[in-house]
1. Percentage of Cα-Cα pair distances in the range 99-237 greater than 18 Å, rounded to whole percent?
2. Helix 54-64 sits at what angle to the longest principal axis of the chain, using alpha carbons and giving 0 to 90 degrees rounded to 10?
3. Give me the Debye-computed log₁₀ of I(q)/I(0) at q = 0.24 Å⁻¹ for the range 37-121, equal point scatterers on Cα only, no solvent, two decimals.
4. Output the antiparallel fraction of DSSP beta bridges having both residues in the chain, as a percent to the nearest 5.
5. As a test of the definition: which semi-axes, in Å, follow for the range 91-130 when you take the square root of five times each eigenvalue of its alpha carbon gyration tensor? Largest first, please.
6. So what's the angle, to the nearest 10 degrees on a 0 to 90 scale, between helix 186-197 and the longest Cα principal axis of the chain?
7. With everything on Cα atoms, drop me the angle between helix 21-32 and the longest principal axis of the chain, reported from 0 to 90° to the nearest 10.
């Protein structure tokens, strides 16, 4: 499930920014019938945190009393079913132009946050390598290839998997001054990376640009005042 600017019907005043994240987590859990919501402290790296066992989840709960920002990483691994007795847990990532990806495998689920740095650092490949029997993936709303202008250094950092075009002054891109650049399609780049690791994967992208679509939060469009979207999965019991 992906939550954007509209929030959830019946859930009041949900704010997923850092200052109110834990408060909003409690509200979301109440509405979604969840015991906890696991959200990492995202760092634009390549590491994942494995929460596929009751022991791993219990260790975080014992350490800090909750699962919000319990690990500094950009992906979470979850079991195919709920593993903590008597609890229903959602596993998700926050985004505001970065790419949220959910992956389903025979060996569990992954929720991945991949900004351009994560795409360059290999967070998708690193996370997929920890899952057995990867079957399908969904790439949700992210900065699109008509609006997300980046410099040559970003394209070089991502490498051959980057999906981009040259930016033109009259194409509506969010150009910073008159310096030339490239338009990076982050969702298509993520799809390319998914298929490079698992050629047989069934993977699709939402085709929604967070910069263009006002239903979604966008750091490129709104700057520091923007909120965050939440993409999460709650495995069955």
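Just so you know, all these numbers are worked out from the coordinates, no wet-lab data involved. For clarity, every value in this text was computed on a predicted model and none was experimentally measured.
1. Of the Cα pairs, 55 percent sit more than 18 Å apart.
2. 80 degrees
3. For the range 37-121, the Cα-only Debye profile gives -1.17.
4. 65 percent
5. Over the Cα atoms of the range 91-130, the ellipsoid semi-axes are 18, 13, 5 Å.
6. Roughly 70 degrees, rounded to the nearest 10.
7. In the chain, helix 21-32 runs at an angle near 70 degrees to the longest axis.
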